[in-house]
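The values are calculated or read from the model by the stated rules, or taken from the named source; none is laboratory data. Since the structure is predicted, the reported quantities are computational estimates derived from the model, not experimental observations. Heads up, the Cβs are rebuilt from the backbone with ideal geometry, glycines too, and the neighbour counts pull from every protein chain shown. Just so you know, the surface numbers come from the protein's heavy atoms only, side chains and all, with ligands and any DNA or RNA stripped out. Shrake-Rupley method; radii C 1.70, N 1.55, O 1.52, S 1.80 Å.
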Amino acid sequence: MVMSNFALRSLALGIALPLAGAALAQSASQVVGITAAVVNQVSIAGTGAAQFRRAALRERVALADRVQTGQRSQLQLLLLDKSVFNIGANSRLTIDRFVYDPARGGSIGATVAKGAFRFMSGRRGDGNNSSIRTPVATIGIRGTIVEGVIGAEAIEIARAERVIGRNVRNDPETASLILLRGPGVLTQGSLTVGSISVEAGGTSVTLDRPLQAAYVPAPGARPIGPFTISPQGLERINALVFPSLGQRWGTAARTPPKFRFQIGVSGSAGSDQQRGDRPGQSDMPRDQPKQTPSNNGQTGRD
Amino acid sequence: MGTRRIANCLLAIAACLSAAPAQADEASELDALSRATDAVGPGLALARSQIGSGDLMGALATLERIAIQHPTAGEAQLLHASLLCRLDDPSGAAREFAHLKKRDFSRIVWDEANATCARPEPAKIETVKPEPVQPETAPPATRPRRRIESW
């Protein structure tokens with residue numbers, strides 16, 4: 001049977017339009033990876049979506065999707081360039097930027113709003129420059145393994161390190177502790193030696209040796225560090241990133257104490273300690289040591 | 001003429017659609033990596049294969065995925081600890097080894113993991129003691145021979 005031109009056109013449109021629509025929809029939400037491991041409460045929300053929905057294992061994650069974990073929950077995000085985010089409990093992450101060219105390399109931009117994370121670059125070589133933002137700092141990453149804790153747990157861990165004294169004012173919502181894990185100089189496998197920069201409060205510090213850490217206590221504050229994390233601090237960070245292992249090994253994080261104080265911090269160094277304090281609202285000692293512009297309550301060792 | 005236009009239109013749409021399957025293929029590769037760690041055995045095999053091919057970061061991700069999904073998988077944790085040594089993180093490795101019990105593993109597996117972290121001893125530089133200097137015994141001075149001529 002010979003089909004008329006009209007019938008042919010109708011058939012073609014009937015096939016093409018739905019397919020084109022699907023293709024457009026898919027390209028608009030660029031897939032950047034999958035949920036490679038999901039434990040307990042992991043949820044995801046697309047761009048513009050008001051509510052989070054439960055994330056399935058091996059669900060596609062698109063650019064600008066927000067993923068979050070609940071209590072005793074974990075997630076591994078595996079991205080198209082084989083970079084990996086391991087996310088601990090009570091965490092939230094967004095992949096803001098994803099540029100991937102198998103021939104030339106790529107870069108990733110992500111935001112971690114709260115919780116604990118571990119990021120591993122998926123590509124060797126110098127062609128991989130990525131960045132992770134926390135509420136108070138931007139971490140520039142170069143072929144590396146980096147861990148971070150945002151929130152009250154960061155304060156607790158930082159306080160236990162001898163370089164962070166009680167004179168530092170901390171924000172329990174945004175304080176960020178960042179740790180470089182490697183690879184080190186003696187790494188095998190022709191990997192790029194890891195290094196990161198931590199930028200906050202108009203200042204940038206470079207971490208270029210495994211176990212070097214930096215701590216940003218509040219918005220506008222400068223990074224404290226670099227300093228070498230203690231074995232106990234390393235243990236606590238690991239327990240936050242991998243809570244199931246932390247529970248098995250007996251190193252699981254306790255519920256962090258509630259911090260009562262508020263902060264009124266601006267970017268100017270040296271003025272943080274004198275602003276907005278009222279009796280009973282700060283954990284600062286009565287006898288405040290003299291602050292100089294170069295010493296924002298810091299006693300950095302490194 | 002109309003048929004040709006329809007054909008061109010379909011070709012153009014097919015070109016647009018070709019990008020989506022490529023992306024889907026790459027995500028499918030990630031699916032395969034994720035599926036491999038649904039069970040511990042295949043996951044360990046994948047990690048060892050990645051280590052063997054030099055993909056240390058890939059192996060690390062695989063082992064951490066196993067740790068997330070199977071926190072009681074001791075052999076995966078042992079392999080992870082030894083891998084940290086390869087990545088020059090001996091402190092991290094030591095912390096993980098401290099949580100593992102030697103008796104839970106075969107001797108071969110335990111020794112292999114620890115051997116990865118053992119730093120080679122610095123090469124012993126043999127110092128050769130110089131022999132004591134003997135006072136030189138000078139050869140007897142050779143006097144010019146006198147020719148004794150017989151007259």
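Could you order A:177, B:46 so the one with the most accessible surface comes first? Probe is 1.4 Å. Working shown, then result.
Working: A:177 0, B:46 35 Å².
Most to least solvent-accessible, the answer reads B:46, A:177.
Could you list the residues of region B:50-87 with an amide nitrogen less than 12 Å from a label point located 7 Å from the Cα of residue B:105 in the Cα-to-C-beta direction?
What the label zone holds, given the 12 Å backbone N cut-off, is B:74-85.
Residues in region A:65-80, backbone N under 11 Å from the label point at residue A:247 (7 Å along the Cα-to-beta-carbon vector): list them, ranges by number please.
The answer is A:71-74, whose backbone nitrogens lie closer than 11 Å to the label point.
Only protein chains counted, 1.4 angstrom probe. Which residues of region B:31-48 are at least 10 Å² less accessible in the assembly than when their chain is isolated?
Going by heavy-atom accessible area, the residues of region B:31-48 that drop by at least 10 Å² are B:31, B:33, B:34, B:35, B:38.
Computed over the Cα atoms of region A:62-181, what is the ratio Rg over Rh, Rh following Kirkwood?
1.00
Translational diffusion coefficient of region A:117-238 at 10 °C, 1.306 mPa s, Stokes-Einstein with Kirkwood Rh over Cα pairs, in µm²/s as a whole number.
The diffusion coefficient I find is 112 µm²/s.
Which FRET efficiency value, to the nearest 0.05, do you get for residue A:50 and residue A:97 by plugging their Cβ-Cβ distance into 1/(1 + (r/R0)^6) with R0 = 30 Å?
Approximately 0.80, to the nearest 0.05.
Grab the beta carbon distance between residue B:114 and residue A:72, set R0 = 30 Å, and tell me the FRET efficiency rounded to 0.05. Don't skip to the end; give the middle numbers.
Details: r = 32 Å, r/R0 = 1.06.
Efficiency, rounded to the nearest 0.05: 0.40.
In peptide A:181-194, what is the residue-averaged number of other protein chain Cβ atoms found within 10 Å of each Cβ? Before the final figure, lay out each step's value.
Details: counts 6, 7, 8, 5, 1, 7, 6, 9, 10, 2, 7, 0, 1, 3.
Mean shielding count: 5.
Each residue of region A:78-90 in order: what ³J(HN,Hα) in whole Hz does its phi give by Karplus 6.51 cos²θ - 1.76 cosθ + 1.60, θ = phi - 60°, with x for Gly and Pro?
10, 9, 4, 8, 6, 5, 9, 10, 9, 10, x, 6, 6
Rounded to the nearest 0.05, what FRET efficiency do residue A:6 and residue B:4 have when you use their Cβ-Cβ distance and R0 = 25 Å?
Working: r = 16 Å, r/R0 = 0.63.
That pair, residue A:6 with residue B:4, gives E of 0.95.
Within a Cβ distance under 11 Å of residue B:66, other residues only, what is the Lys/Arg minus Asp/Glu net charge? Intermediate values should be presented prior to the final figure.
On the way: positive: B:65; negative: B:38, B:64, B:75.
Every neighbour counted, the sum reads -2.
Between region B:38-53 and region A:138-166, how many Å separate their Cα centres?
Result: 32 Å between the Cα centres.
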